[in-house]
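Since the structure comes first, as structure tokens, the remarks are kept for the end.
The values are calculated or read from the model by the stated rules, or taken from the named source; none is laboratory data. Everything numeric in this text was worked out from a predicted model, so none of it was measured. Note: ideal-geometry Cβ built from the backbone for every residue, glycine included; neighbour counts use all protein chains shown.
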Amino acid sequence: MRKALVILLVLLLMSSYVFSAGNNESSSDEPGEITLTFWEMNYGSDDSYLQTCEALISQYEAENPGVNIEVTLQPWDNYYQLFLTAVTSNSAPDIASVALDMPDMYARMGEALYLDDVINSWKEDGSISDYQESTIESFTYDGHYIAIPYMVGYRGVFYRSDILSSSGVEKFPETWDELLDACAKIKEAHPDIIPLVVAGNDMGFWHYTMNFALSNDVGIVDAEGKPASESQNYIETIDFLKTLVEKGYVSDGILGHTAADIERIYYSGNAAIMFTSFPTSIFNYPEILENTEVGSSLLGPSGTAIRTNSFSDALMVFSQTEYPEEAMKFVKWWAENTEPLFSEGGCWAYPARASFFEADVFSNKIAQGVLNNVVPTAVPCTWPYEGFFVGFSQINGEHTMNYSAQEAFNNRLDTQTIVENQSARLQEAIDIASE
Amino acid sequence: MKKRNNVFTLLMLGLPTLMLILVSFYPLIRSLIMSFTNYNVLRPNQDVSFVGVENYGKFFDDTRSFPSLSFSLIYAFFCVSFSYIIGLGLALLMNAPIKFRAFFRALILLPWAIPTVVATANWLWILNDQVGFVNIVLQEIGLIDSPIMFIANPVMARITCIIVGTWKSYPFMALSLLAGLQSIPDELYESARMDGAGSFRCFWNITLPLLKNVSTVIITMMFIWGFNNFDIIYLLTQGGPLERTYTLPIYTYNIAFYRGQMGYASAVSMITLVILLVFCLVYMKAQKLED
């Protein structure tokens, strides 16, 4: 019987340990000390990223005695579920770096702490100009700032200047018609080379195809938040994508290609233009890098300006925090002082702060190309809607916009059916989110 | 002493039962209750109210539910059928007195042992239309003129999912059937041969009937696993292209996490459970009638 009791006791102790593992509160705090939990998404490619984070945190802790920061580097796999589960089970971190649609989603749930004080202090001292205004304003909800732009993903193109010039294309096309002409010339001069590659089997396929739409003055929704897929400008976009397929300017297997696939094709010299998020893997192929240039989006027939899709991740504070003031102080400090993440930590994303681009690490031709050719044309992915419209997080999560892009490249349905279906899907998502 | 043993036995049985209730029955009951509510995880301040069978009704009006259900059934049926045929063939070979039998047994286990993430990434590479091994070899030997679009073509994407699903599941089938084969007494075959029975007759009249029990169990289990499969299909196609490889688990996942509609997602899960239970009951009933 005694043995059984011992076993029971051990099991109880084990289960109490297991069930208390999710508790955020640190029991090791000295009186007067607090601990803030900080979930940083993994923007690094090796250990140096975490080491740089820890060094920065040590610096903050030294400058702010009594405040301990517990940092956890979170992987991107299942990040959405990770945060949702943590928030709904009251185990949210105090501060986190999050993907672009999450601040709005959590603000609607009443889980985002307003960061008006932080943004207003930057407005007062003028440092707000370090950020793109549209990005700052995209993180607002109900008239309040809910997050701080942190890392930005830009979408544009890599192109082979040598292939273009040997095909008789002297400068990179600026309009859709010029692109068609360039593709025709490439195909004629280099029949074995695919003029244009894009990852059709990628969850972010729509990021690239929407570059065409945005540069034809149409977004996912209009400025009022209504689906814009049935507009003439979007119809032109779908027709253009179908033309690329019909003329054989994209590979037949486009809908099966992931980002890794098209990178392999491009790096092996078999593609002239690649729609990309500018991966650093290109530095492993010096001979390709030498002849690669960075391009932006291309102007459509009804477009008034070239626009490229940008996706800004953000820093936010969850309202579940017990220490809102300290959390806000930390988040402000972190946003201002994380330049070493790029210069020392090997961060693969681009900074939301323009001044961070001055670091040596951004002096290479790819980063300079992004800075000079892409950043000036970048708009938030929800353009022309200001902020995030209702239902965006579902549309982003389910890759709803991939539908029309994939159907266009599949080229089996007529354009009108595609845009009607796309519009219905968007409306469904908006209706569900508005219920 | 006997009383002590009884207490100990009860304790040892009670704790796992308690754990089973906590980790298995509690979520099931909670999911059942949730399926009758409008619970949305993205609206913590919303009053959760009882909506009757509204969520179940929604399933029948939903344009994505039946295509997802249909591919779930197709996937499970073909994966189980093909892996049974391959598994049985391999089990018969491994049961025969061949050289390096242990080595071959280990080799056959490989697909089962490789993590799904690694396996699907490799399959995607192998089947790639531009740089994939399969397409290059088929084109080199002149069997095809242009690459097969294993993932890009909606029909081929479905076939690819079934191929990879079969590849991943046949080792378990083979091992289970091998265990069944080894439990058949050799005397039965010896007497049959003395009576003039050939190999096929032995297989048809001894092996297959005596494998019936183990076959029933593994076919049922594999069908449930196949029907509920999420990882292989999601990692290969994410439900695409054009949602043609959506299965009920993938659809349920999207409803629950991206739409936050836990009530509706629970109802779809309950419907999945009922469908599987019906299949199991029909199959077991059919087996009983045959016996």
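The listed residues are B:N229, B:N254, and the only one of them that is crowded, with 16+ Cβ neighbours inside 10 Å, within 11 Å of chain A (Cβ to nearest Cβ) and within 21 Å of the chain's Cα centre (by Cα) turns out to be B:N254.
Restrict the check to region B:259-275 and report whether at least one residue is at pLDDT below 90 and within 14 Å of chain A (Cβ to nearest Cβ). Within region B:259-275 (the criterion being at pLDDT below 90 and within 14 Å of chain A (Cβ to nearest Cβ)), the answer is yes, since at least one residue qualifies. Within region A:357-370, identify whether any single residue is more than 9 Å from every other protein chain (Cβ to nearest Cβ), among the basic types (K, R) and either surrounded by 18 or more Cβ atoms within 10 Å (Cβ to Cβ) or over 22 Å from the mean Cα position of the chain (by Cα) (or both), and answer yes or no. No, region A:357-370 contains no residue that is more than 9 Å from every other protein chain (Cβ to nearest Cβ), among the basic types (K, R) and either surrounded by 18 or more Cβ atoms within 10 Å (Cβ to Cβ) or over 22 Å from the mean Cα position of the chain (by Cα) (or both). Among the conditions (1) over 27 Å from the mean Cα position of the chain (by Cα); (2) outside the structural domain of A:A405 (by TED's automatic domain parsing), the only one that A:H144 does not satisfy is (1). Among the residues of region B:186-197, the ones that are assigned to a loop (DSSP other than H, G, I, E, B) and out of contact with any helix residue (DSSP H, G or I) (no Cβ under 9 Å at 6 or more places or on another chain) come to 2 in all.
Would you point out the residue of region B:148-163, among those that are facing another protein chain (nearest Cβ under 8 Å) and among the aliphatic types (A, V, I, L, M), that is nearest to B:R244 (Cα to Cα)?
Step one: of region B:148-163, the residues facing another protein chain (nearest Cβ under 8 Å) are B:149-154, B:157.
Next, from what is left, pick out any that are among the aliphatic types (A, V, I, L, M): B:149, B:151-152, B:157.
Numbers: B:M149: 14, B:I151: 11, B:A152: 11, B:A157: 8 Å.
Restricting to residues being facing another protein chain (nearest Cβ under 8 Å) and among the aliphatic types (A, V, I, L, M), the top hit is B:A157.
The lone criterion from (1) out of contact with any Leu (no Cβ under 7 Å at 6 or more places or on another chain); (2) within 14 Å of another protein chain (Cβ to nearest Cβ); (3) touching a residue at least 12 places away in the same chain (Cβ under 8 Å); (4) not in a loop (DSSP other than H, G, I, E, B) left unmet by A:I395 is number (1).
Here the helices (runs of 4 or more DSSP H) wholly within region A:146-262 that include at least 1 residues being surrounded by fewer than 21 Cβ atoms within 10 Å (Cβ to Cβ) and within 14 Å of chain B (Cβ to nearest Cβ) are A:232-246. Among residues of region A:267-289 being buried (at least 21 other Cβ atoms within 10 Å of the Cβ) and more than 22 Å from the chain's Cα centre (by Cα), the one that is nearest to the other protein chains (Cβ to nearest Cβ) is A:A271.
From B:L11, B:L18, which residue is out of contact with any Leu (no Cβ under 6 Å at 6 or more places or on another chain), free of Cβ contacts under 8 Å to residues at least 60 places away in the same chain, surrounded by 13 or more Cβ atoms within 10 Å (Cβ to Cβ) and farther than 30 Å from B:Y258 by Cβ? Of the residues listed, the single one that is out of contact with any Leu (no Cβ under 6 Å at 6 or more places or on another chain), free of Cβ contacts under 8 Å to residues at least 60 places away in the same chain, surrounded by 13 or more Cβ atoms within 10 Å (Cβ to Cβ) and farther than 30 Å from B:Y258 by Cβ is B:L11. Among the residues of region B:34-87, not one is of a type in the set (D, E) and more than 14 Å from chain A (Cβ to nearest Cβ). Residues in region A:325-356 that are among the hydroxyl-bearing types (S, T, Y), crowded, with 21+ Cβ neighbours inside 10 Å and closer than 19 Å to A:S310 by Cα: A:Y350 only. Count of region A:414-430 residues, restricted to those that are within 14 Å of chain B (Cβ to nearest Cβ) and either outside any helix (DSSP H, G or I) or not aliphatic (A, V, I, L, M) (or both), is 7.
Selection within region B:117-134: residues that are among the β-branched types (V, I, T) and within 20 Å of the chain's Cα centre (by Cα). The member of this set that is surrounded by the fewest Cβ atoms within 10 Å (Cβ to Cβ) is B:V118.
Identify all residues within region A:58-75 that are under 21 Å from the mean Cα position of the chain (by Cα) and away from chain B (no Cβ under 14 Å); write none if there are none.
Scanning region A:58-75 gives A:T72, A:L73, A:Q74.
The conditions of being touching a residue at least 12 places away in the same chain (Cβ under 8 Å), assigned to a helix (DSSP H, G or I) and surrounded by 15 or more Cβ atoms within 10 Å (Cβ to Cβ) are not met by B:L110.
Remark: pairs (first residue in region A:98-113, touching a residue at least 12 places away in the same chain (Cβ under 8 Å) and small (G, A, S); second residue surrounded by fewer than 22 Cβ atoms within 10 Å (Cβ to Cβ) and part of a loop (DSSP other than H, G, I, E, B); Cβ separation under 9 Å; 6+ apart in sequence or on different chains) = A:A99/A:W76; A:A107/A:Y114; A:A107/A:D142; A:G110/A:S319; A:G110/B:P44; A:G110/B:N45; A:A112/A:S319.
Residue check: A:A55 meets all listed conditions (1) in contact (Cβ under 8 Å) with a residue 40 or more places away in the chain; (2) within 11 Å of another protein chain (Cβ to nearest Cβ); (3) part of a helix (DSSP H, G or I) but one, namely (2).
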